[in-house]
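Data block below; observations after.
The values are calculated or read from the model by the stated rules, or taken from the named source; none is laboratory data. Everything numeric in this text was worked out from a predicted model, so none of it was measured. With ideal geometry, Cβ positions are generated from the backbone for all residues, glycine too; neighbour counts draw on all protein chains shown. In case anyone asks, the SASA skips ligands and DNA or RNA and just uses the protein heavy atoms, side chains included. Shrake-Rupley method; radii C 1.70, N 1.55, O 1.52, S 1.80 Å.
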Amino acid sequence: MNPKSKLNLILHKVQQYWSGNAVNQNKGMVENLQRYGIIQSRKVAEVMETIDRGLFVPNGTPPYVDSPIPIGYNATISAPHMHATCLQLLEENLQPGMHALDVGSGTGYLTACFAMMVGPQGRAIGVEHIPELVSSSTENIQKSAAASLLKDGSLSVYSGDGRQGWPEFAPYDAIHVGAAAKEIPQPLIDQLKPGGRMVIPVGVLFQDLQVVDKNSDGSVSIRTETSVRYVPLTSKEAQLQG
């Protein structure tokens, strides 16, 4: 069985498990992700245990079920297994003191995870083009374990077109894109540090989660991790129109 088919089988089993057994604790969600091999490192498990997903989903929605959740404005918060997958892929580029960019930061969940990993000496930036989501994500973060990082300025969320990145704090060791691009935006490649890594879903109807590594000479290497399904990375106007 090829790696992509194996991962899809694992995720199917995880979803079956969670459908039949109510997961109502953040720690239980993390333990299930570990049990099925999606979380493979202690560091990723620790940050997902520390940042409670329940603080980052709309009221009345099940925060710990392995499913994406609508958050308004034709946007979603990704399923826990996707957050875990991206954190695993970016772990080596989320070391203390490094810079991370979260494009399409939505509810602020993954931005908060990045901030905890890079710490107060690093910089975690979320960019979201819906101002209302910027406001609500800031409120979410203020309730979380990352609140002190927001207060001291090492974690920030800005309103803007994430396809243009956020040049002020570039270059970035890690870039995550939370919506599917038709092609990889050049500004994001330009803002990736040599030795840095970006994870980005690419495609329209059929999408792949691509891993983009920038080499020391500035060239890039791209590989596909798995098949995914994300909302499109588009303009604010197109997103609101649905």
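Mind putting a number on the dipole of region 81-161 about its Cα centre? Charges go on the C-beta only, +1 for Lys and Arg and -1 for Asp and Glu, and I need it in Debye to the nearest 20.
200
As a test of the formula, what do you get for the chain when each DSSP H run with n ≥ 4 contributes -39,500 (n - 2.57) and the sum is divided by the residue count, at 222 nm and rounded to the nearest 500 deg cm²/dmol?
That calculation yields -10500 deg cm²/dmol at 222 nm.
Using 7 Å Cα-to-Cβ label points, what is the residue 213/residue 143 separation (nm, one decimal)?
3.9
How many Å² of accessible area per residue for the chain, probe 1.4 Å?
Dividing the accessible area of the chain by its residue count gives 45 Å².
Which label belongs to the value computed from this structure, given these candidates for Rg and Dmax of the Cα atoms in Å: (i) 18.2, 59; (ii) 20.9, 82; (iii) 16.5, 50?
(iii)
Please compute the length gained on full extension between residue 236 and residue 222, using 0.36 nm multiplied by the number of residues separating them and subtracting their Cα-Cα distance.
Taking residue 236 through residue 222 to full extension adds about 2.3 nm, to one decimal.
Positive end of the charge dipole of the chain (Lys, Arg +1 and Asp, Glu -1 on Cβ, about the Cα centre): tell me which of 32, 77, 158 has its Cα farthest that way.
32
What is the antiparallel percent of DSSP beta bridges lying wholly in region 3-241, to the nearest 5?
Of all bridge pairs located within region 3-241, approximately 45 percent are antiparallel.
To the nearest 20 Debye, how big is the dipole of region 3-241 about its Cα centre, given +1 on the beta carbon of each Lys and Arg and -1 on that of each Asp and Glu?
For region 3-241, the charge dipole is close to 540 debye.
Compute the length gained on full extension between residue 152 and residue 42: take 0.36 nm times their separation in residues and subtract their Cα-Cα distance, giving the result in nm to one decimal.
Going from the current span to full extension adds 37.0 nm.
Residue 145's amide H: which non-local residues (gap 5+, or another chain) put their own amide H closer than 5 Å, with H modeled 1.01 Å from N in plane and none for Pro or chain starts?
Excluding prolines and chain starts, which carry no amide H, the hits are 52.
Would you mind telling me the share, in percent, of accessible area of region 3-241 contributed by carbon and sulfur at probe 1.4 angstrom?
Solvent-exposed carbon and sulfur of region 3-241 make up 50 percent of the total.
Residue by residue through region 153-160, which ³J(HN,Hα) values in whole Hz follow from phi under the Karplus form 6.51 cos²θ - 1.76 cosθ + 1.60 (θ = phi - 60°), with glycine and proline marked x?
Running phi through 6.51 cos²θ - 1.76 cosθ + 1.60 with θ = phi - 60° gives x, 7, 10, 9, 10, 10, 8, x Hz.
Order 213, 152, 66, most accessible first, counting only protein heavy atoms with a 1.4 angstrom probe.
152, 213, 66
Show me the GluC sites (Glu not before Pro) within region 147-242 that DSSP assigns to loop and that have at most 14 other Cβ atoms within 10 Å of their Cβ.
183
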